[in-house]
Amino acid sequence: MKLRPHHLMCTQGYSGKGYNDDFIKNMDYITRALRCDKNILIELVFSTDDICSSCPNMLGANLCNTNNKVKSIDDKMVKYFNLEEKVYNYNEIVNFIKENITEEIMDDICGNCNWYSISSCKKSMCCK
């Protein structure tokens, strides 16, 4: 499974809301797989991923109409947590982020996200 950096947090805070039915169905499938398998491996990619594939903002391969915004969020994730494009154990990398994130870092990374105020991301990631 391919995930872009900021989707490591989105998959933790996801609670069944999304852009449309296709997006929700895909996100349900992905988050269920990630949450049920403690040994699941993900490939971290610095471009569009398996979640993006059903997003209405997706214009084509590696092209999103909100690309500048999501790339900025991804870049902050990479900077704060020294992430690389490689394979990770999903649970290990999420736990590493949870151990090292603060509310201030979370606000800096996700403050401009449309979903931030209505999601459980902050609660899921910052409650240690």
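Numerical summary
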read-out	value
Neighbours by Cβ (under 6 Å, 6+ apart or cross-chain): first from the range 42-63, closer than 15 Å to residue 86 by Cα; second polar (S, T, N, Q)	47/62; 48/62
Residues of the range 42-89 satisfying the condition of being polar (S, T, N, Q), in a strand (DSSP E or B) and in contact with a Phe, Trp or Tyr (Cβ under 9 Å, 6 or more places away or on another chain)	none
Hey, residue 24 in contact with a Lys or Arg (Cβ under 9 Å, 6 or more places away or on another chain), free of Cβ contacts under 8 Å to residues at least 12 places away in the same chain and more than 17 Å from residue 2 (Cβ to Cβ) or not	yes
Residue 123 being of a type in the set (Lys, Arg), closer than 22 Å to residue 27 by Cβ, more than 14 Å from the chain's Cα centre (by Cα) and not in a loop (DSSP other than H, G, I, E, B)	yes
Filter result for residue 67 (at pLDDT 90 or above and surrounded by 13 or more Cβ atoms within 10 Å (Cβ to Cβ))	no
In the range 70-80, residue surrounded by the fewest Cβ atoms within 10 Å (Cβ to Cβ) [restricted to those that are hydrophobic (A, V, I, L, M, F, W, C) and in contact with a Pro (Cβ under 9 Å, 6 or more places away or on another chain)]	78
Enumeration of residues in the range 1-48 that are among the hydroxyl-bearing types (Ser, Thr, Tyr) and closer than 21 Å to residue 71 by Cβ	11, 14, 19, 47, 48
Cβ pairs under 6 Å, 6+ apart, first in the range 90-109 and in a helix (DSSP H, G or I), second hydroxyl-bearing (Ser, Thr, Tyr)	105/80
Hey, residue 30 under 22 Å from residue 81 (Cβ atoms), touching a residue at least 12 places away in the same chain (Cβ under 8 Å), part of a helix (DSSP H, G or I) and out of contact with any Cys (no Cβ under 9 Å at 6 or more places or on another chain) or not	yes
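Yes or no, residue by residue, for (1) surrounded by 19 or more Cβ atoms within 10 Å (Cβ to Cβ); (2) in contact with a Lys or Arg (Cβ under 9 Å, 6 or more places away or on another chain); (3) farther than 16 Å from residue 119 by Cβ:
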residue	(1), (2), (3)
3	yes, no, yes
6	yes, yes, no
16	no, no, no
35	no, no, no
46	no, yes, yes
49	yes, yes, yes
82	no, no, yes
88	no, no, yes
98	no, yes, no
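The values are calculated or read from the model by the stated rules, or taken from the named source; none is laboratory data. Source: prediction; values computed, not measured. Cβ atoms come from the backbone with ideal geometry, glycine included; neighbour counts cover every protein chain shown.
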